[in-house]
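Below is one structure, written out as structure tokens; comments come after it.
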Amino acid sequence: MSILRGAIFARSLANVSARAYSTQAPAAKKASNLPFYLLGAGAAVPQTKSPLDPEKFVDFKLKKIVPYNHNTSKFIFELPKDEASLLPVTSCVIIKSSNPEDLKDANGKPIIRPYTPISPPDAKGEFTFLVKRYDNGNASKYIFTLKEGDTLAIKGPISKFPYQANEFDEVALIGGGSGITPLYQLLDHALADKSNKTKFTLLFSNVTEKDILLRDELDGLQKKHPEHFKLVYLLDKPEGKWDGPTGFINPDIIKKYVAPASLNDKVKVFVCGPPGQVAAVAGKKAGMKQGELAGILKQLGYTEEQVFKF
Ligand SMILES: Cc1cc2nc3c(=O)[nH]c(=O)nc-3n(C[C@H](O)[C@H](O)[C@H](O)COP(=O)(O)OP(=O)(O)OC[C@H]3O[C@@H](n4cnc5c(N)ncnc54)[C@H](O)[C@@H]3O)c2cc1C
């Protein structure tokens with residue numbers, strides 16, 4: 001783990017900013033106040049705060065758009081002065097249009113949505129979002145109208161789960177579609193930590209093979225960390241040859257791949273996917289709150305403490 005990544009990890013334990021969209025306790029400390037040191041060419045250059053603000057929306061310039069697949073693109077935003085985002089793991093940001101007129105609901109209120117960067121927190125000068133366009137989706141359709149040079153208003157970090165290395169023996173991540181981004185943020189961070197002993201299992205559902213996001217990155221993590229990372233893709237409707245499991249996540253799949261609830265506080269299950277999948281696997285979220293545990297995980301005996309819905 002780089003020095004900066006270590007510092008970011010330490011900060012994630014400080015349970016930074018949390019308000020709207022947070023499923024955590026309120027912020028103990030403002031995210032931007034802790035010192036960080038970027039070591040370059042032998043000289044220590046302090047980066048004392050994130051260019052993001054957890055208290056207010058800041059406009060960031062869209063530097064580059066990189067098409068990813070039939071309905072998803074990478075949107076790379078510029079960070080001023082070659083700084084890093086320093087977003088803690090796990091956290092997301094919320095976005096709205098820079099011009100309030102451009103993205104609002106029927107009552108004229110700004111439409112705000114959470115997104116999780118796929119770039120590491122110590123990437124300098126830019127941060128990257130992988131955004132899937134939903135045909136009837138308000139925010140995602142708007143983001144796809146942006147051109148390079150336009151800005152988007154971004155606020156964060158919004159704290160999610162304060163991940164600590166080796167808190168659990170087994171972690172299962174159950175995701176679908178663009179819900180992979182927070183799960184990938186956690187995996188990328190946790191597996192890079194040389195002290196990691198936790199075993200991670202990802203069950204990642206998609207409609208067809210061409211919908212699988214971050215497949216190269218996930219396959220790369222699996223190859224690099226075979227002892228600590230099991231990767232299972234599921235397809236609703238495979239086109240052509242497919243050896244993996246098909247259909248929606250069901251109790252048998254969970255029993256086969258996920259560590260049992262009897263491990264008590266040594267097992268944790270993270271869920272992030274389309275609303276229907278989250279409801280079926282773990283019960284609906286209650287707005288930005290966790291909501292009651294229901295669905296397959298409840299049926300299999302998992303408790304609310306063992307499950308986190310992003
Ligand atoms: C913590 C967190 C991080 C996220 N990170 C990302 C990210 O990095 N990239 C990304 O593309 N999305 C991400 N999302 C999802 C994102 O916030 C939006 O929900 C999604 O873009 C749809 O918003 P919309 O305004 O376009 O659609 P809406 O106008 O909200 O909804 C339109 C339609 O899309 C469906 N829908 C809503 N949300 C989802 C969903 N998550 N999956 C599938 N269908 C959905 C609705 O049922 C509805 O039919 C994240 C969500 C969370 C909770």
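Packing, taken as the mean count of other beta carbons within 10 Å per residue, orders the peptides 237-248, 212-223, 267-278 from highest to lowest as 267-278, 212-223, 237-248.
Over all other residues within a Cβ to Cβ distance under 15 Å of D236, the charged ones net out to -1, with Lys and Arg as +1 and Asp and Glu as -1. Sorted largest first by accessible area at a 1.4 angstrom probe radius, with every protein chain in place, the residues F168, F144 fall in the order F144, F168. Only helices enter this figure: runs of n ≥ 4 DSSP H residues, each worth -39500 (n - 2.57), summed and divided by the residues of the chain, yield -5500 deg cm²/dmol at 222 nm to the nearest 500.
Taking amide H as placed 1.01 Å from N in the peptide plane, the amide H of V269 sits under 5 Å from that of A172, V307, F308, each at least 5 places away or on another chain.
Ordering 300-307, 88-95 by mean Cβ neighbour count within 10 Å, with the highest value first, yields 88-95, 300-307. For the range 103-260, the solvent-accessible area with a 1.4 angstrom probe is 45 square angstrom per residue. With all protein chains in place and a 1.4 Å probe, the accessible surface of the range 170-309 carries 53 percent carbon and sulfur.
The values are calculated or read from the model by the stated rules, or taken from the named source; none is laboratory data. From a predicted model like this one, the values you see are computed outputs, not experimental measurements. Don't worry about glycine lacking a Cβ; one is built from the backbone with ideal geometry, like all the others, and counts go over all protein chains shown. For accessibility, only protein heavy atoms count, side chains too; no ligands or nucleic acids. Shrake-Rupley method; radii C 1.70, N 1.55, O 1.52, S 1.80 Å.
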